[in-house]
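Undergrad: Here's a structure for you.
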Amino acid sequence: MAYWLMKSEPDAFGIDDLAKRPKQTEPWNGVRNYQARNFMRDGMKKGDLAFFYHSSCAEPGIAGIVEIAHAAYPDPTARDPESPYYDPRASADNPVWVMVDVRLKKKLKHPVALKLLKSLKPLAGMQLLQRGNRLSVLPVTKKEWDIIIKLAKA
DNA sequence: GCCAACGTTGGC
DNA sequence: GCCAACGTTGGC
């Protein structure tokens, strides 16, 4: 079982939006970065857990925990000319882009702010905190995961 | 709104 | 294959 972090802008789709979805499940479409795609395609398994991270907002940080409810499968928005995520290279034979389904496990009563994560020495190696990091899907080590879970409960 | 960092594109 | 130009991300 692996751990992940997935970013979303709460103005576009936040943890509360996920909570309102049927079965509190949503296809994580629109990822258009190869590294992020590869994490989803090659790394994510059904049952893996991920932090739901709010980016580009007043209080960036971890807002909740989600479970990977479905492993990677083709992202249909890549083949929809009406979609902002449209990619003319995508076809039935070669979907190019994939998505996973995420299901809400828990919305944190007290989100773990980026500011707090940055202040903790044991988390200094976190990929999220590295300079210039822009990936929307990132791996999290079990050690990091456990530390953050404790913070969320504190 | 600014800007650093990074990925992608496209001319050569 | 190089690299400048451009677009995007995301914290502040």
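A short reminder: the numbers here are calculations on the coordinates, not readings from a lab. Fair warning: this is a prediction, and the values are worked out from it, not measured in the lab. Here the Cβ positions follow ideal geometry from the backbone for every residue, glycine too, while neighbour counts run over all protein chains shown.
Undergrad: Assuming R0 = 35 Å, can you tell me the calculated FRET efficiency for the pair A:Ser83 and A:Lys121, based on Cβ-Cβ distance, to the nearest 0.05?
TA: Calculated transfer efficiency: 0.25.
Undergrad: I would also like to ask the following. With the dipole of the stretch A:3-148 worked out from charges on the C-beta (+1 for Lys and Arg, -1 for Asp and Glu) around the Cα centre, which of A:Ala71, A:Leu5, A:Leu123 lies farthest toward the positive end?
TA: Selected residue: A:Leu123.
Undergrad: Let me ask something else. Net charge within 14 Å of A:Pro122 by Cβ-Cβ distance, Lys/Arg positive one each and Asp/Glu negative one each, not counting A:Pro122 itself?
TA: Local net charge: +3.
Undergrad: Could you list A:Phe52, A:Phe13, A:Phe39 in order of exposure, starting from the residue whose Cβ has the fewest other Cβ atoms within 10 Å?
TA: A:Phe13, A:Phe39, A:Phe52
Undergrad: What's the FRET efficiency of A:Ala12 with A:Val96 using the Cβ-Cβ distance as r and R₀ = 22 Å, to the nearest 0.05?
TA: Once the sixth-power term is evaluated, E becomes 0.50.
Undergrad: Mind pulling the angle between the C-alpha long axis of helix A:142-153 and the longest principal axis of chain A? Nearest 10 degrees, somewhere in 0 to 90.
TA: Result, in degrees: 70.
Undergrad: Could you please report the charge total around A:Trp28, scoring K, R as +1 and D, E as -1 over all other residues with beta-carbon less than 9 angstrom from its beta-carbon?
TA: Within the 9 Å Cβ shell, the charges total -3.
Undergrad: Take the cross-link list A:Lys20/A:Lys45; A:Lys45/A:Lys121; A:Lys7/A:Lys150; A:Lys118/A:Lys153; A:Lys7/A:Lys45 and give me the ones stretching past 22 Å between alpha-carbons.
TA: Table pairs above 22 Å Cα-Cα are A:Lys20/A:Lys45; A:Lys45/A:Lys121.
Undergrad: When the Karplus curve 6.51 cos²θ - 1.76 cosθ + 1.60 is applied with θ = phi - 60°, which whole-Hz ³J(HN,Hα) does each residue of the stretch A:8-17 get, with x for Gly and Pro?
TA: 8, 8, x, 5, 8, 7, x, 4, 6, 5
Undergrad: Please turn the phi angles of the stretch A:104-117 into ³J(HN,Hα) values with the Karplus equation 6.51 cos²θ - 1.76 cosθ + 1.60 (θ = phi - 60°), one per residue in order, whole Hz, x for glycine and proline.
TA: Per residue, the Karplus-derived 3J(HN,Hα) values read 5, 9, 6, 8, 6, 5, 10, x, 8, 5, 3, 3, 5, 4 Hz.
Undergrad: For labels at A:Asp146 and A:His110 in the simple 7 Å Cα→Cβ model, what's the distance in nm?
TA: 2.2 nm
Undergrad: Between A:Asp42 and A:Ala154, what is the label-to-label distance in nm when each label sits 7 Å out along the Cα-to-Cβ direction?
TA: 3.5 nm
Undergrad: Magnitude of the Cβ-charge dipole of chain A, K/R +1 and D/E -1, about the Cα centre, nearest 20 debye?
TA: 760 debye
Undergrad: Restricting things to Cα coordinates, could you compute the convex hull volume per residue of chain A in Å³?
TA: Given the Cα convex hull of chain A, per-residue volume reads 118 Å³.
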